[in-house]
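Single-structure report; data block below.
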Amino acid sequence: MKKLHKLQALLMGMALLLSVFGVGYTKKPSPGTPLTVMTWNILHGNDRTDAQKEQIASFGADLVLLQEVDIGTRRIGGGNNLADLSAGLYENTLYGVEANFDTGTVGIGMMANSPLEEVQYLPGKDYVEVHNGYIYTKVTVNGVPLSVYEVHLNYNRSDWRAQQLFNLSIAIASDKNKYIIVAGDFNLHDFDELDVLAGLTPINSDETYYATYHGLDWDMQAIDNILYTADTLQLEEVTMPVNGLSDHNALVAKFTVRG
């Protein structure tokens, strides 16, 4: 009996160690841990890539999400917006192709100094295809495991955009992560379109209106947004630099982890 008790005690001790240090264990982020997210529709550089890069660098965001990113098109001289803006600033990038355009492609991009995980690249390609208006990755920022969905939704038809938001809501509903960020260019006509994304809080709303778009072809200016899980992330500060570097102003949100 004594030997049996010793064996049981040993097994219990091993189980406890595995629960703390074993496979699948993730240390909970400390309350107050900061992270900064930036989203910006760059209008394929707008011939202001150097100035855009200076603005990105000035905020030092942990995660930068870009829309209307060109690679290989003649309007940017066959260059690469994402490579130009990330060089010397961010080690990890992700490009999602929305469409072939001219001699290259146009799409959306992510930049981060932490590895971008769970990315489903196209076979033989170093990019992903944008499905349903968004791309997904997981990135650990300052110890915070974020699920990140970057969007660039349809601007021609509201019914297509509604379908994209519905498909996105299904993906988010099945996401077990406690820390979720959804950001980008939503091309909304009304904030009510975001109601389908239940459980997420937008920083851009009727109560806190950030006029990010200053073109004349849309009936709403607050079309860029960052949504987050407010039960795990505390919004500390929002900044919208206003300038002529694109037809969109960038949106920068600083968060801390809740206790």
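Odds and ends about this structure:
- Flag if Leu4 is aliphatic (A, V, I, L, M) and at pLDDT below 95: yes
- Boolean, Leu153 is within 16 Å of the chain's Cα centre (by Cα), over 28 Å from Val257 (Cα atoms) and hydrophobic (A, V, I, L, M, F, W, C): yes
- Taking the range 215-237 as the range and being of a type in the set (Ser, Thr, Tyr) and in a strand (DSSP E or B) as the test, only Tyr228 passes.
- Test result for Leu168, closer than 26 Å to Ser30 by Cα and under 15 Å from the mean Cα position of the chain (by Cα): no
- Long-range neighbours under 6 Å by Cβ, at least six apart or interchain, first residue among the small types (Gly, Ala, Ser) within the range 24-35, second surrounded by 12 or more Cβ atoms within 10 Å (Cβ to Cβ) and at pLDDT 95 or above: Gly32/Thr256
- Matching residues, the range 143-174, being over 26 Å from Ile71 (Cβ atoms) and surrounded by 15 or more Cβ atoms within 10 Å (Cβ to Cβ): Val144, Pro145, Ser158, Gln163, Leu165, Ser169, Ile172
- Members of the range 16-61 that are of a type in the set (Val, Ile, Thr), in a loop (DSSP other than H, G, I, E, B) and modelled with pLDDT of 95 or more: Thr33, Ile42
- Against the list (1) in contact (Cβ under 8 Å) with a residue 12 or more places away in the chain; (2) crowded, with 16+ Cβ neighbours inside 10 Å; (3) not acidic (Asp, Glu), the condition Asn80 fails is (1).
- Note on the range 150-191: residues that are assigned to a helix (DSSP H, G or I), touching a residue at least 24 places away in the same chain (Cβ under 8 Å) and of a type in the set (D, E, K, R) total 1.
- Check on Leu194, in a loop (DSSP other than H, G, I, E, B) and either within 19 Å of Ser158 (Cβ to Cβ) or not hydroxyl-bearing (Ser, Thr, Tyr) (or both): no
- Within the range 219-243, restricting attention to residues that are farther than 20 Å from Pro29 by Cβ and without any contact (Cβ under 8 Å) to a residue 40 or more places away in the chain, the residue that is surrounded by the most Cβ atoms within 10 Å (Cβ to Cβ) is Ile223.
- Residue within the range 97-113 that is buried (at least 20 other Cβ atoms within 10 Å of the Cβ) and in contact (Cβ under 8 Å) with a residue 60 or more places away in the chain present: yes
The values are calculated or read from the model by the stated rules, or taken from the named source; none is laboratory data. Just so it is clear, the model here is predicted, and its values are computed rather than measured. Quick reminder, even Gly has a Cβ in these numbers, built from the backbone with ideal geometry, and neighbours come from all protein chains shown.
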